[in-house]
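For reference, the structure discussed in these notes is given below.
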Amino acid sequence: AKDNSGAVTAAPKQKAKAAAQKRRRVPDKPAAQERHCRSACRPPEVSPCGAAAYGFLKTRFLPHYTGQAIAGGTEKKNFYRSLQLLCEYYRVQPVDTTGFAYPYGREVALHETGRLLNQTYPQHIEMDVLEHNRNFIVQATETCYTGNTLFYIPVLPLHYMMQDKKHRKGARLLLCIFSYLFHTVHIPYYTEDSFLYWQYEMVSEWVTNDPDDWEQKDYYEYVSQLRAALHYGEVMLRRLWNTVHLEHFGKWLADFKPHDPFDTECHRIAQKFYTLWQDYPETSLYRHADTDCLPDYENDDFDNYDCITMEKYIGFVACTDGWLYENVQQSVNAYFNESVSKQEPVLKRIFDGQPQDNDTLGFECRLFPLLNELCYLLNNYDYDT
């Protein structure tokens with residue numbers, strides 16, 4: 001064994017630490033950090049499909065028939081023969097439903113044919129199945145819907161337009177349109193015996209019979225509008241009665257040269273009306289007016305109600321702004337609210353094997369949009385100056 005002397009060993013020599021770093025000055029403001037680069041990944045061009053619930057809204061369902069199926073026989077044969085004549089006339093090809101149970105196949109055929117007709121033609125076409133001498137035939141009812149629009153053509157803007165030398169020739173073209181609508185289309189005028197005449201007459205009596213009920217300033221303003229509507233309306237009526245504008249319509253239209261956008265718009269609308277006149281030279285507004293909606297005064301079950309006939313919502317008025325027109329419009333709307341039916345252009349066709357005539361609702365389907373364009377042009381003409 002080795003003897004331990006108990007002596008303590010010397011401690012290891014410590015190494016010097018690294019030199020401290022020099023202090024750095026704190027910058028005045030933080031340095032701007034670099035922005036992350038935009039990812040090169042892009043979403044695919046075709047997005048994933050939407051929620052499954054929206055697919056239900058895009059689904060087209062066939063009509064539902066709750067009755068029991070029948071053998072069909074002669075009724076089924078007559079129906080499909082008549083429907084084939086209708087499809088040949090309107091040039092549509094619905095789905096073949098002859099293999100379906102009858103009358104479910106009939107309902108599907110009418111549904112699909114009506115959808116194709118309303119997608120192809122501007123007028124609304126409704127089909128019904130009629131029984132005539134034990135034959136089941138299809139009847140098509142064409143209707144030119146006018147909606148809730150008042151086709152009131154203002155006269156005073158045209159009168160003031162004719163006083164402007166800059167737009168006098170353009171106003172002459174519009175006067176030719178007025179003459180065509182008055183003489184050929186037979187649109188009523190508000191100073192003659194018509195529905196609008198009585199509306200203006202009621203407002204006039206309301207103002208003039210009780211002058212003390214109005215403030216003096218308002219009374220003079222209302223009377224002034226009434227007198228202007230009557231005076232300038234008679235002036236324009238005398239111009240319309242002169243057929244020289246209708247006789248020179250084509251010549252003035254061909255010689256007209258627009259000088260500004262307003263003249264260009266007048267020329268464009270006049271060209272459309274002139275083309276309509278050439279295509280339907282003697283066609284009146286009431287040629288296809290529906291008579292089934294009129295009340296039968298000879299019927300014992302006659303209910304005393306008024307029908308909104310076409311001359312009540314189509315006509316010439318003084319203007320479409322100001323106090324006078326607001327009261328005339330309120331009176332007209334109050335009268336219409338008490339009516340339960342409205343007269344519109346209607347044409348019925350029965351497909352029983354007889355040849356169809358060439359009569360159509362093409363005139364009405366072109367006339368009403370043109371009346372809207374004409375009213376828009378006149379209502380936006382600034383004649384205050």
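Miscellaneous remarks
- Output for region 218-231, where each listed residue is closer than 15 Å to Gly322 by Cα and exposed (fewer than 14 other Cβ atoms within 10 Å of the Cβ): Asp218, Tyr220, Ser224, Arg227
- Those residues of region 93-110 which are open to solvent by less than 10 Å² (accessible area, probe 1.4 Å) and more than 30 Å from the chain's Cα centre (by Cα), in sequence order: Thr97, Tyr102, Pro103, Gly105
- From Trp252, Trp206, residue being surrounded by 12 or more Cβ atoms within 10 Å (Cβ to Cβ), part of a helix (DSSP H, G or I) and modelled with pLDDT under 90: Trp206
- Residue match in region 203-226 (condition: closer than 21 Å to Thr275 by Cα and in contact (Cβ under 8 Å) with a residue 12 or more places away in the chain): no
- Contact map, region 273-299: first residue of a type outside the set (Asp, Glu), second residue open to solvent by 70 Å² or more (accessible area, probe 1.4 Å) and at pLDDT 90 or above, Cβ cut-off under 8 Å, separation 6 or more or different chains; pairs are Leu276/Arg366; Ser284/His186; Leu285/His186; Tyr286/His186.
- Hey, Cys266 open to solvent by less than 20 Å² (accessible area, probe 1.4 Å), touching a Gly at 6+ places or on another chain (Cβ under 6 Å) and under 30 Å from His167 (Cβ atoms) or not: yes
- Lone unmet requirement of (1) in contact (Cβ under 8 Å) with a residue 12 or more places away in the chain; (2) assigned to a strand (DSSP E or B) for Glu131: (1)
- Some residue of region 179-197 being over 30 Å from Tyr335 (Cβ atoms), of a type outside the set (Gly, Ala, Ser) and part of a helix (DSSP H, G or I): no
- Summed over region 111-127, the residues that are buried (at least 17 other Cβ atoms within 10 Å of the Cβ) and assigned to a helix (DSSP H, G or I) give a count of 6.
- Candidates Glu131, Glu142: the one that is among the acidic types (Asp, Glu) and open to solvent by 20 Å² or more (accessible area, probe 1.4 Å) is Glu131.
- The requirement of being under 30 Å from Pro258 (Cα atoms), without any contact (Cβ under 8 Å) to a residue 40 or more places away in the chain and in a helix (DSSP H, G or I) is satisfied by Arg168.
- On inspection, Leu196 qualifies as in contact with a strand residue (DSSP E or B) (Cβ under 8 Å, 6 or more places away or on another chain), within 16 Å of Glu234 (Cα to Cα) and surrounded by 21 or more Cβ atoms within 10 Å (Cβ to Cβ).
- Number of the exception - Glu234 against (1) open to solvent by 60 Å² or more (accessible area, probe 1.4 Å); (2) over 23 Å from His186 (Cα atoms): (2)
- Residue ID - most open to solvent (accessible area, probe 1.4 Å), chosen from residues in region 70-92 that are over 28 Å from Thr360 (Cα atoms) and part of a helix (DSSP H, G or I): Lys77
The values are calculated or read from the model by the stated rules, or taken from the named source; none is laboratory data. Since this is a predicted model, take the numbers as computed values, not measurements. Cβ sites come from the backbone with ideal geometry, for glycine too, and all protein chains shown count toward neighbours. These area figures cover heavy atoms from the full protein model, side chains too; ligands, DNA and RNA do not enter into them. Shrake-Rupley method; radii C 1.70, N 1.55, O 1.52, S 1.80 Å.
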